[in-house]
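The block underneath contains the structure these notes are about, expressed in structure tokens.
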Amino acid sequence: MPIKTKLAGYLSLTLLALTLAGSPAAAECVKGAAPLFDPFAPYKDPGSIIHKESGFVFPASVGGFQRECEMTTDFSGNNFEIGYVRDVDGHEIEVKITMVHLEQLNAQDHYLIVKPDILSQYSNPTVVSEGDYLVPGRPDIIAYQGIFDGDRDGVPWHFSVTALDYGYWDARLTASYPQEIDAAAQAAIMELIQAFQWQTPSAENFEEQGS
């Protein structure tokens, strides 16, 4: 393979990793602000918002979790992240849900690209398990998941990342919490997943806006 072709492939992979791992994490939550340009629209009830490009709905409260943002400063229709939190025994479970559109990206590749960035956020990370993941009630969704242990500020921590391939859209769910609430946190996260599992992001909204 010519050197130029190899270099082009390497640069493409690097840009892909930066887009997947860097951009959503840089988004900032803005509460109670009136946006000048908002990629969301009210949906179903005053507390819910919708990602216009995919039609994916983010309730203010779901599965015992509270949504962190009313809006986000990251207005990229192709790359969007929003967070949810839930308190368990005085400890917080943090969940980030990311919607991203990139051509020819399967769930495992998505996972492998963001994995180094996720691991870098913790001390002494170790892989507990990784492999294909079956979304409860949705055998049509191809997903890949990694579960890890590590330390955060000297506290034993448990965290995971799940990549889901919906076709036009990919989604990613990252979750983290102290290990001491592991059993309760896993049950809470499953409750959140079950609340979202009925949704399927659509490419139609995005294509209509671009036409």
Residue-span extension gain [residue 149 to residue 87] - 0.36 nm each, minus C-alpha spacing: 20.3 nm
Label-point gap, in nm, between residue 179 and residue 103 - each point 7 angstrom along Cα→Cβ: 4.5
Roughly speaking, what is the stretch gain from residue 120 to residue 197, that is 0.36 nm per residue apart minus the C-alpha to C-alpha distance, in nm to one decimal? 24.8 nm
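What ranking do 61, 54, 160 get, fewest neighbouring Cβ atoms within 10 angstrom at the top?
Exposure proxy ranking, most exposed first: 61, 160, 54.
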Subtract the Cα-Cα distance of residue 60 and residue 134 from 0.36 nm times their separation in residues, and report this length gain in nm to one decimal. 24.0 nm
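Values in this text are rule-based calculations from the coordinates and carry no lab data. Nothing here was measured: the structure is a model prediction, and the numbers come from that model. Here Cβ is always computed from backbone atoms with ideal geometry, including for glycine, and neighbour counts include all displayed protein chains.
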